[in-house]
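For reference, the structure discussed in these notes is given below.
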């Protein structure tokens, strides 16, 4: 499953890795992969992780979680 969001006027594609549990979403910004990822918890929330596996936050929506990862990548 792939979803595309427009974040800061750039296409951001989120792809689910179905074999992972919990489900992990990889993120590409303008075709380039980010170091961070999003995991879906058993409670249906989205947990954002940076490239060093540190927790960035928990969100109810996938787009909010992806925006957090993208924001962290720009720092």
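Given Cα pairs under 8 Å that are at least 6 residues apart, what percent is the relative contact order of the chain?
Working: 145 pairs, mean separation 14.9, N = 75.
About 20 percent, as a whole number.
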Practice task
Choose one answer from 46, 59, 25: the residue with the largest mean-square fluctuation in a GNM of the chain with alpha-carbon springs under 10 Å.
Solution key: 59
Exercise for the section: Per DSSP H run of at least 4 residues, take -39500 (n - 2.57); add these up for the chain, divide by its residues and hand me the 222 nm value, nearest 500 deg cm²/dmol. Expected result: -5000 deg cm²/dmol
Completion exercise
Between (1) 37, 10, 7; (2) 17, 14, 11; (3) 20, 14, 10, the structure-derived semi-axes √(5λ) of the Cα gyration tensor in Å is (2)
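Rounded to the nearest 0.05, what FRET efficiency do residue 30 and residue 53 have when you use their Cβ-Cβ distance and R0 = 25 Å? The partial results should precede the final answer.
Values: r = 24 Å, r/R0 = 0.97.
Calculated value: 0.55.
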Exercise for the section: Counting other beta carbons within 10 Å of each Cβ, put 38, 29 in order, fewest first. Expected result: 29, 38
Problem - Cα long-axis angle, helix 62-73 against the chain (0 to 90 degrees, to the nearest 10) - result: 60
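Every number here is computed from the coordinates shown, using simple stated rules; none is lab data. Treat the numbers as computed from the prediction; the structure is a model and nothing was measured. With ideal geometry, Cβ positions are generated from the backbone for all residues, glycine too; neighbour counts draw on all protein chains shown.
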